[in-house]
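Please read the structure below before turning to the comments.
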Amino acid sequence: MDHISTYAALRPHPSHPPIPALAGGYLHARPESPSTTEDTGVPGTLGALTAGQLRRLCGIAGMGPGEADAHGRTLLQALGPVADRPLDLPPVTPTFLSDDHTPVEFSLSFTPGAAPALRVLLEPGCGAGSPARSGRAGLAAVREMARRWNFSTAALDELEDLFLPPAPEGPFALWCALELRPGGAPKVKVYLNPAARGADRATATVREALHRLGHRQAFDALPPAGRLLFFAIDLGDWDEPRLKVYLAHHDLTAGAAGGLCRMDPGPGEAEIRAFFDLAAGTDAVRLDRRPGQTCHAFTETVTRRPSGFTLYVPVRDYVRDDAEALARAVAVLDRYGMDPAPLLAAVPALTGRSLTDGTGLIAYLGLAHQQGRPPRVTAYLSSEAYAVRPPAGAPAAEAVH
Ligand code: TRP
């Protein structure tokens, strides 16, 4: 069987045991051909491809076919008209949501002893035309979800003028992520652009947003960073909704990463350093190709400190190919006693290509700490609807499906 031989070809992280065999329960059929509908030769659509990928990932995350279909339909609805776009046309916008401009990215978030949580990040206003229209379409998509799943958008409404002004600047206006649960409505996260009113006002914008939502001292608790990337809010049925600020850190080293957490109590520096080394690989002394990122989550206003910290390592820029990226992911999961089988099964759920033929299927590895909860390891998985990035060192031409 093809996928088994793909795994056999993996080169495990040198300091780690071989990658465990694929657990039988996670075996999945190989996906349909990505760009044509089987037999007919008719180009497939962005929606059909990504909803198919999502349905297969739902199976891996412990959901049944009915739920998987429902989540697939949710993805199509959230994408809007761009879902019907044939895959033989180029991406509708050069969104930086993913490297090949697919406006969809998946992630599997692991905790010990449980099925991973499946999430999907998407740009609902993708293809609406201008950033202003895209922002409005994104907002409309979130409001539609709020009606359907009966949650309040009050926090988002409070911030509309800050992040969705009449003529927003910057490369995106609104992204949203859905955490897809077995037996319940998805939990929703909305990502907004700190530079929407101008890059020079990003600090003021984020400060004001935190202030309006009651976190008056929060901004001063953030560590020094290169750039404010995202401001995010949780909407819907969360135990503890978070406000999150995402920062970029250029030339990040393991030592510097260890010093970026502002939780108290929080993970020790040694733990963060160890994650950095496993995810970035021992050759990458510093993240000088694509920056590392951190996320600081605020859930209460008493301590003036974040209660959550996540470090993201853009593993794809520090490996030869996805076989190496997967081995890094497995090494991290292994350190936390988490079962890598769902991640191994996710590969053939997403793509028919071999892991050594490209890089970027695993885009980021993240380690999240949230007070009162066990640590989570997350792998961000690309759809590759439009292109596969060749392995490092391979000829530059992109292999387009
Ligand atoms: N693609 C963008 C990037 O690489 C944004 C992004 C998508 C991202 N998924 C992410 C950033 C996960 C951090 C973690 O920066």
Output the residues belonging to the range 234-265 that are more than 17 Å from Gly292 (Cβ to Cβ), more than 16 Å from the ligand (Cβ to nearest atom) and assigned to a loop (DSSP other than H, G, I, E, B). Gly236, Asp237, Trp238, Asp239, Glu240, Pro241, Met263, Asp264, Pro265
Residues (within 15 Å of Ala202 (Cα to Cα) and out of contact with any Gly (no Cβ under 6 Å at 6 or more places or on another chain)) located in the range 153-166: Leu159, Glu160, Asp161, Leu162, Phe163, Pro165
Within the range 193-233, residues being within 21 Å of Cys261 (Cβ to Cβ) and within 16 Å of the ligand (Cβ to nearest atom) number 9
Quick test of your reading of the structure: Ala345 fulfils all but one of (1) farther than 30 Å from Thr253 by Cβ; (2) within 14 Å of the ligand (Cβ to nearest atom). Name the failing condition by number. (2)
Hits in the range 272-292 (condition: open to solvent by less than 40 Å² (accessible area, probe 1.4 Å) and either in a strand (DSSP E or B) or not aromatic (Phe, Trp, Tyr) (or both)): Ile272, Ala274, Leu278, Ala279, Ala280, Gly281, Ala284, Leu287, Pro291, Gly292
Give the residue that is farthest from the ligand (Cβ to nearest atom), with candidates limited to residues of the range 313-332 that are free of Cβ contacts under 8 Å to residues at least 60 places away in the same chain and surrounded by fewer than 24 Cβ atoms within 10 Å (Cβ to Cβ). Tyr318
Restricting the range 189-228 to residues that are surrounded by fewer than 16 Cβ atoms within 10 Å (Cβ to Cβ) and in contact with a Gly (Cβ under 9 Å, 6 or more places away or on another chain), which is nearest to Leu243 (Cα to Cα)? Pro223
Would you be able to say whether some residue in the range 161-172 is within 16 Å of the ligand (Cβ to nearest atom) and crowded, with 19+ Cβ neighbours inside 10 Å? yes
Suppose we filter Leu365, Leu355 for residues that are touching a Phe, Trp or Tyr at 6+ places or on another chain (Cβ under 9 Å) and either within 16 Å of the ligand (Cβ to nearest atom) or closer than 21 Å to Thr95 by Cα (or both); which single one remains? Leu365
Quickly run through the range 88-115 and pick out the residues that are open to solvent by 10 Å² or more (accessible area, probe 1.4 Å), closer than 24 Å to Glu179 by Cα and more than 11 Å from the ligand (Cβ to nearest atom). Thr111, Pro112, Gly113, Ala114, Ala115
State which residue is farthest from the ligand (Cβ to nearest atom) when the search covers only the range 116-133 and only residues that are within 21 Å of Pro314 (Cβ to Cβ) and not aliphatic (A, V, I, L, M). Pro116
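Give the range 222-236 a look and list any residue that's over 21 Å from Ala195 (Cβ atoms) and touching a Lys or Arg at 6+ places or on another chain (Cβ under 6 Å), or say none.
Those that are over 21 Å from Ala195 (Cβ atoms) and touching a Lys or Arg at 6+ places or on another chain (Cβ under 6 Å): Asp234, Gly236.
Results for (1) modelled with pLDDT under 95; (2) within 25 Å of Gly52 (Cβ to Cβ); (3) in contact with a Leu (Cβ under 7 Å, 6 or more places away or on another chain), shown as yes or no for each residue.
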site	(1), (2), (3)
Pro340	no, yes, yes
Leu350	no, yes, yes
Ser354	no, yes, no
Thr359	no, yes, no
Ile362	no, yes, yes
Leu367	no, no, yes
Pro374	no, no, no
Tyr386	no, yes, no
Which of the residues belonging to the range 229-255 are of a type in the set (Asp, Glu) and either farther than 28 Å from Arg181 by Cα or surrounded by 18 or more Cβ atoms within 10 Å (Cβ to Cβ) (or both)? Asp234, Asp251
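The values are calculated or read from the model by the stated rules, or taken from the named source; none is laboratory data. Every value quoted in this text rests on a predicted model; they were computed, and no experiment measured them. Here the Cβ is made from the backbone with ideal geometry for all residues, glycine too, and neighbour counts use every protein chain on show. Just the protein is used for accessible areas: all its heavy atoms, side chains included, with ligands, DNA and RNA removed. Shrake-Rupley method; radii C 1.70, N 1.55, O 1.52, S 1.80 Å.
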